[in-house]
Amino acid sequence: MKKLVSVLLAFFLLGALAVPGFAASRVTADTSVVVSEDGVLTLTVSVPEGSGLATFESTLQYDAAVLEVQEVTYGAGNMTTSNTDTAGQIGLFMIWTETQETAATLVTVTFQINDGAAGTTNLVFTDTAATDNDDNAVNFSFASGDTLEVALSEEQTITDADIPSTAGRYVAIGGAAAVAITAIVVTTAVVKRRRSA
């Protein structure tokens, strides 16, 4: 009896080892944020080659007191939609008829920065989910993390390359002109004094 139990346990163990494990595939998306001089903030989400996505969804949270949604543009997927009905969040939804195998921009979101906004603001991805063609969950993440801290404006730094090579000449000419004008004024004053004397 003990032998029979041992043999059965051995068969069960071998059978369990023979069943392949299905580990969730992993996709890491790149995000980039650009702020233009006229106050337009552009967020881009891209995936690398071989992502194998069949569905993707996420909610992008933003500060509605600072940003106003202008446009949501998809660069991949066969069926896409966005939900912008609630201020402060954007629902992003994508479905493919064939999986995404080439590197691609998934979505680009454009905001207008509200007048008077300064400092930094956060863009936060929540409720992100993705699947492959077999409806298996994909471990989807963002290379920069779920929260992006964005500077609303960039201070212009002046380097030596920004200063024209003629700038020194103009300063020298201006200084010389100032000295010449001062000399003329002093000379005129002396001549007037002499004449009045």
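Every number here is computed from the coordinates shown, using simple stated rules; none is lab data. All of these numbers come straight from a predicted model, not from anything done at the bench. Neighbour counts are summed over all protein chains in view; Cβ atoms, including those assigned to glycine, are modelled from backbone coordinates with ideal geometry.
Under 11 Å from the Cβ of residue 91, count the other residues' Cβ atoms, weight Lys and Arg +1, Asp and Glu -1, and hand me the total. Display every interim value, and only then the final one.
Details: positive: none; negative: 57, 85, 127.
In short, -3.
Between beta-carbons, use under 11 Å as the cut-off and find the net charge around residue 55, counting Lys and Arg +1, Asp and Glu -1.
Working: positive: none; negative: 57, 132, 135.
Here the charged neighbours net out to -3.
Please report, in debye to the nearest 20, how large the charge dipole of the range 80-140 is about its Cα centre when each Lys and Arg carries +1 at its beta carbon and each Asp and Glu carries -1 there. Don't jump to the answer; show the numbers that get you there.
Details: 0 positive and 8 negative charges, 64 e Å.
The dipole of the range 80-140 has a size of about 300 debye.
Subtracting the Cα-Cα distance from 0.36 nm times the residue separation, let me have the gained length for residue 59 to residue 115 in nm, one decimal. Present the calculation step by step, with values, prior to reporting the outcome.
Working: separation 56, 0.36 × 56 = 20.16 nm, distance 2.51 nm.
Once the chain is fully extended between residue 59 and residue 115, it gains 17.6 nm.
Can you bin the range 11-151 into rounded, prolate or oblate? Criterion: square roots of the alpha carbon gyration tensor eigenvalues sorted a ≥ b ≥ c, rounded for a/c under 1.5, prolate for a/b above b/c, oblate for the rest.
Details: a/c = 2.73, a/b = 2.32, b/c = 1.18.
Taking the square roots of the gyration eigenvalues as a ≥ b ≥ c, the range 11-151 is prolate.
If the chain between residue 97 and residue 79 were fully stretched, how many nm would it gain, using 0.36 nm times the residue separation less the Cα-Cα distance? Spell out each step's value before the answer.
On the way: separation 18, 0.36 × 18 = 6.48 nm, distance 0.84 nm.
Going from the current span to full extension adds 5.6 nm.
Which net charge results for the neighbourhood of residue 122, defined as the other residues with beta-carbon distances under 11 angstrom from its beta-carbon, given Lys and Arg at +1 and Asp and Glu at -1? Kindly include the intermediate steps, with their values, before the conclusion.
Values: positive: none; negative: 63, 146, 149.
Charge balance in the 11 Å sphere: -3.
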